[in-house]
Every structure is written in structure tokens, then in C-alpha cells.
Amino acid sequence: MSFRKHTIGAVAMGICLGASLLSQDARACGGEWYPEVMVDPLIHGVAQAEKTLASGNRLAAAASVIRMIPHIKSLKSKPGSLVARAERVLAVALSRNQGVLPVASEVPSEVLGTWRGTGEGEAAANMAWSVSVLKRQSASKSDDVALKTDLAEAMARIPEQRAEARTILEELARRDLIASPEGYAALASLRSQSGDADGQKLALKRCEAMAKSQDACILRS
């Protein structure tokens, strides 16, 4: 029994989030069978979540991942796998929302659990999970500047990790390799915190040149 077979069945029906893992050749949900050769909605679902995040709708992207893979925190993803891609979407969405996901209307409360981030220590734990996922993935793909950007952006929101985040972002900026407007916004915030007003303005200018929406360039703590 594998994670993949369970989640394919769950996505195919849009429900049955707690369904049992199914067999090699087919899976069931609500009494209906879906042959593997005929349908693999998880591939489409993860790709759509990535597009949703790229469009700036981080909450919808996070909600879709949690609905598709409610047990994602307990999984051990392999580099480049669907689970790894889904982990990255959720990790980036979490970091951009400070570890809080107010998506109760989109995800059943029993599935959302601590992802909501409203209980004591939950937001901090979610941020720590986000950074750990991005560190692990970045370590396995050391030449991936987009992953490095996502990691540094997440670390920039944790006070104890801001110095390391700035080191990463400044090196990427020096080589003109910061891969997202949010990465430039994080660098602008870090420069501002150190009193580098000129550097902040330059990073914000680069953010605004890349961003589809100026919301991406709002400085956040």
C-alpha cells in the first residue's frame, strides 16, 4: 500500500480524505473503482496548486494541497516527486502567510488541524516545518536558485535565521539570480532592518519589475 494510491483515490472523488490505501491496479472511493491506467488526478492537482501559488493565491494553493494530501507532514518525499512538489507549495504558502492558514471554509477542520496556526505555538511550528522542507529540498538540488530563493524568503521571517537568509539572498542578488519578486521583497525587508535604505529601495525596485501584483512587494516582518 502506498501514499500515491491513497491520494489518487482521494483526489478523484474530492472526498474520502481518510480512505484506505488501495491496490496496485485500482483504487476505490465511495464504492467506485478508478483504474490507474485511466486516471491520475494527483498529477493535475499538484500542477494546478503550483499555478495557483505562482498566481499569488497562496491560501488557495495551500488548501488544495492539504485536501489532496492530508497526511503530507508525515511523508518522506523523494526529490522531484509529486509529494516533494506538493510539499514545496505548502511550505512556501505557509511561510508567506506567517505560518497561519485561515482556510477553514475550504478544508474540513479535522483535516486542517494545526495548519490553521491559531493554537499556541502552531504558527511557529508551521514556519519551522516550512523552513525544514525547503532546506531539505534545497540541499538535494544545490544548483536550484529558485529553491534557494524560497528557502531564504522563509528564513527571513524567522528572527533567529534572518542573518543566514540575508547572506543567501545577497549572494543571489550579486549574481542577479533571485528567482521571485517575494525573494526581492524579503531582501528589501532585511536591508531595511539593518538601516540600508538605498539597498532596500533597489531591492523593492527589482521586486516591482518582476511582480505581477504589487502585493508581492509589501514588506512583511
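The values are calculated or read from the model by the stated rules, or taken from the named source; none is laboratory data. From a predicted model like this one, the values you see are computed outputs, not experimental measurements. As a convention, Cβ positions derive from the backbone with ideal geometry for all residues, glycine included, and neighbour counts pool all protein chains shown.
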Subject >> Output for the stretch 53-80, where each listed residue is within 15 Å of Asp215 (Cβ to Cβ), free of Cβ contacts under 8 Å to residues at least 60 places away in the same chain and in a loop (DSSP other than H, G, I, E, B) >> reply: Asn57
Original post:
In this structure, does Val103 turn out to be hydrophobic (A, V, I, L, M, F, W, C) and outside any helix (DSSP H, G or I)?
Top reply: yes
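Inspect the stretch 195-206 for any residue being part of a helix (DSSP H, G or I) and among the acidic types (Asp, Glu) and give the result as yes or no. Can you show your working first?
Here is the first cut: in the stretch 195-206, the residues part of a helix (DSSP H, G or I) are 197-206.
After this cut, where a residue has to be among the acidic types (Asp, Glu) as well, the list is 198.
Yes, the conditions are met somewhere in the stretch 195-206.
Could you tell me whether Ala125 is within 19 Å of Glu87 (Cβ to Cβ), in contact (Cβ under 8 Å) with a residue 12 or more places away in the chain, out of contact with any Leu (no Cβ under 8 Å at 6 or more places or on another chain) and part of a helix (DSSP H, G or I)? Walk me through it before giving the result.
Working: within 19 Å of Glu87 (Cβ to Cβ): yes; in contact (Cβ under 8 Å) with a residue 12 or more places away in the chain: yes; out of contact with any Leu (no Cβ under 8 Å at 6 or more places or on another chain): yes; part of a helix (DSSP H, G or I): yes.
Criteria met by Ala125.
If you check Ala139, Ala173, Ala156, Ala188, which single one turns out to be surrounded by 15 or more Cβ atoms within 10 Å (Cβ to Cβ) and either at pLDDT below 95 or within 19 Å of the chain's Cα centre (by Cα) (or both)?
On the way: Ala139 fails: surrounded by 15 or more Cβ atoms within 10 Å (Cβ to Cβ); Ala173 fails: either at pLDDT below 95 or within 19 Å of the chain's Cα centre (by Cα) (or both); Ala188 fails: either at pLDDT below 95 or within 19 Å of the chain's Cα centre (by Cα) (or both).
When all the criteria are applied, what remains is Ala156.
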Subject >> Which listed residue is in contact (Cβ under 8 Å) with a residue 12 or more places away in the chain, more than 28 Å from Gly195 (Cβ to Cβ) and in a helix (DSSP H, G or I), from Ser95, Ser138 >> reply: Ser138
Original post:
Take the residues of the stretch 207-221 that are assigned to a loop (DSSP other than H, G, I, E, B) and aliphatic (A, V, I, L, M): which is surrounded by the most Cβ atoms within 10 Å (Cβ to Cβ)?
Top reply: Ala211
